[in-house]
Amino acid sequence: MFDTIVNVINQIDKMVWGWWMILLFLGTHIFMTVRTGFIQRKIGKAIRLSVTKDPDAEGEVSQFGALTTALASTIGTGNIIGVGTAVALGGPGAVFWCWITGVFGIATKYSESLIAVKYRVKTKDGRMQGGAMYALERGLNMKWLGMIFAFLAGFASFGIGCATQVNAIATVCEENLHIAPALVGIVVAALTALVIFGGIRSIANVCEKLVPFMAAFYILGCVIILGLNFDFIIPAIKTICRLAFTPGAAAGGLVGRGIMMAMQYGIARGLFSNESGLGSAPIAAAAAQTRNPVRQALVSSTGTFWDTVVVCLMTGLVLVTSIMKNPSIDMSNITDGGILTTLAFQQIPVLGPFILVVGIISFAYSTVLGWAYYGERCVEYFAGKAGLIPYRVVYIIVAAVAPVVSLNLVWTVADILNALMAIPNLVAVLLLSNVIVKETKKYINDLDKKDDTPVEVIDR
């Protein structure tokens with residue numbers, strides 16, 4: 001009976017994450033890129049804004065705090081193991097398509113964050129609330145669809161945001177540091193409790209310090225490894241670009257599996273990594289102190305840039321150059337992204353495994369914090385403020401037991417919930433695209449202009 005249920009769930013997962021879903025995401029990315037006048041060209045300005053405070057504006061946390069909270073959830077194990085999975089199953093060409101997804105995904109992240117800020121509300125105790133659920137309710141009069149999004153996202157947080165991430169921490173600690181998984185679960189649960197019971201300000205304070213450190217450390221480590229693999233960087237780039245469009249072989253046993261396989265796994269892993277279109281990051285964006293929706297939308301869009309265009313690309317280059325340099329990595333027998341990533345980083349004595357261990361632990365833990373906030377906001381939307389304490393308690397319990405339970409089924413269910421929660425969010429982005437264009441034209445050339453529209457106060 002259980003096997004039958006697992007098979008059914010696996011089939012549903014394959015169905016919802018089929019080509020139609022990939023095309024829906026990528027199509028939205030391209031459509032919003034055109035509609036916003038290629039907003040990616042403003043990425044330099046957006047990065048400068050991300051470290052600029054806007055204290056006179058309404059909001060709970062700084063623009064940088066909102067960005068790092070969002071980055072905390074998006075820069076996760078998908079940036080390391082996910083890229084390894086793309087290369088193992090789709091060939092080196094998958095790195096190209098993962099990168100392309102990130103470039104175009106910047107426009108969708110900008111768009112969903114803009115409407116999250118525009119339609120946000122404020123509780124009587126001064127907390128900002130926003131995201132796809134409020135955009136659907138207040139922008140499209142579709143509260144029923146907002147409730148569906150909030151319900152799916154709230155439950156998805158236990159899986160992709162908590163259980164799978166803590167399990168990854170426990171696995172890497174057991175294999176490399178010989179620490180018992182049960183102990184890891186207890187420690188992570190305790191640390192998580194200390195942070196999430198402090199609310200968005202507490203989470204943002206931790207993320208402001210943790211995210212820049214972990215990203216800089218990982219990128220620096222990748223740069224050092226690429227320095228050691230210097231002779232293979234140009235051949236690797238050529239191989240990635242060539243095998244993105246044609247099947248064939250390359251040095252180190254790398255095999256291109258054709259454009260369809262490269263696109264499928266590269267795009268899917270890219271979408272999973274940067275969460276553009278998923279509707280998660282705008283929940284954090286809505287809490288930011290910002291003068292107008294466009295200003296914070298630009299800041300939020302840098303999350304996709306850092307996550308995929310930079311971090312995923314660095315991981316991809318490290319993997320491909322390491323494989324090309326070390327023929328001992330037998331690609332013909334590897335289909336597991338985690339194994340491939342581990343083998344590639346192990347080619348660099350001491351430094352490689354250390355970077356991998358610290359990267360996975362910090363990336364995964366930050367994801368636990370970021371998704372805790374997303375889950376809270378969604379639970380509060382459909383269950384009210386009374387649902388917050390029970391949610392936090394269950395979230396901490398899940399973190400504690402995650403290392404000692406089998407997570408294959410949990411991961412699959414979370415995958416399905418992610419796909420389903422993305423649909424209402426993309427509906428909001430596409431149906432409100434005229435609003436996004438109007439707001440962009442209004443503020444893009446005067447980002448210091450203040451939006452004086454009062455934020456609605458709700459009785460919640």
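The values are calculated or read from the model by the stated rules, or taken from the named source; none is laboratory data. As the structure is a prediction and not an experimental result, all values here were calculated from the model. Surface accessibility is based on the protein's heavy atoms, side chains included, excluding ligands, DNA and RNA. Shrake-Rupley method; radii C 1.70, N 1.55, O 1.52, S 1.80 Å.
Just the accessible area for Lys42, please: 1.4 Å probe, Å², rounded to the nearest 10?
50 Å²
Report, to one decimal in Å, the Kirkwood hydrodynamic radius for region 137-204 based on all distinct Cα pairs.
Working: mean 1/r = 0.0696 Å⁻¹.
Every distinct Cα pair counted, the radius reaches 14.4 Å.
With θ set to phi - 60° and the Karplus curve 6.51 cos²θ - 1.76 cosθ + 1.60, what are the ³J(HN,Hα) couplings of region 35-40 in order, to the nearest whole Hz, using x for Gly and Pro?
Working through the residues one at a time gives 5, 8, x, 6, 4, 4 Hz.
Could you put His178, His29 in order of accessible surface area, largest first, with the 1.4 Å probe and the full protein assembly present? Show your work: numbers first, answer last.
On the way: His178 155, His29 0 Å².
Final ranking, largest accessible area leading: His178, His29.
As a test of the formula, what do you get for the chain when each DSSP H run with n ≥ 4 contributes -39,500 (n - 2.57) and the sum is divided by the residue count, at 222 nm and rounded to the nearest 500 deg cm²/dmol?
So the calculated ellipticity at 222 nm is -22500 deg cm²/dmol.
Any of Lys14/Lys441; Lys14/Lys325; Lys14/Lys109; Lys143/Lys450; Lys143/Lys441 with alpha carbons more than 30 Å apart? Name them for me.
Lys14/Lys441; Lys14/Lys325
Can you give me the convex hull volume of the Cα atoms of region 3-125, divided per residue and expressed in Å³?
Spread over its residues, the Cα hull of region 3-125 gives 182 Å³ apiece.
Take every Cα-Cα distance within region 116-254, group them into 10 Å bins from 0 onward, and report for each bin the whole-number percent of pairs it holds.
Per 10 Å bin, starting at 0, the Cα pair percentages come out as 9, 19, 25, 23, 19, 4, 0.
Roughly speaking, to the nearest percent, how much of the chain's 1.4 Å accessible area is carbon and sulfur?
Values: 11620 of 17380 Å².
Exposed carbon and sulfur together represent 67 percent of the surface.
Whole percent per 20 Å bin, from 0 to the bin with the longest distance: what is P(r) over all C-alpha pairs of the chain?
27, 59, 14, 0
Hey, can you grab everything whose amide H is under 5 Å from the amide H of Glu58? Only 5+ residues off in sequence or another chain; H modelled, so Pro and N-termini drop out.
For Glu58, the qualifying residues are Thr290.
Compute the long axis of helix 93-118 from its Cα atoms, compare it with the longest principal axis of the Cα atoms of the chain, and write down the angle in degrees, 0 to 90, nearest 10.
Rounded to the nearest ten degrees, it is 10.
Give me the accessible area per residue for the chain, probe 1.4 Å, as a whole number in Å². Write out the running numbers ahead of the final one.
On the way: 17380 Å² over 460 residues.
Accessible area per residue: 38 Å².
Roughly what angle does helix 388-401 make with the longest principal axis of the chain, taking Cα atoms, 0 to 90 degrees, to the nearest 10?
Approximately 10 degrees, to the nearest 10.
Order Asp231, Asp448, Asp13 by their accessible area, 1.4 angstrom probe, all chains in place, largest first.
On the way: Asp231 120, Asp448 95, Asp13 30 Å².
Solvent-accessible surface, decreasing: Asp231, Asp448, Asp13.
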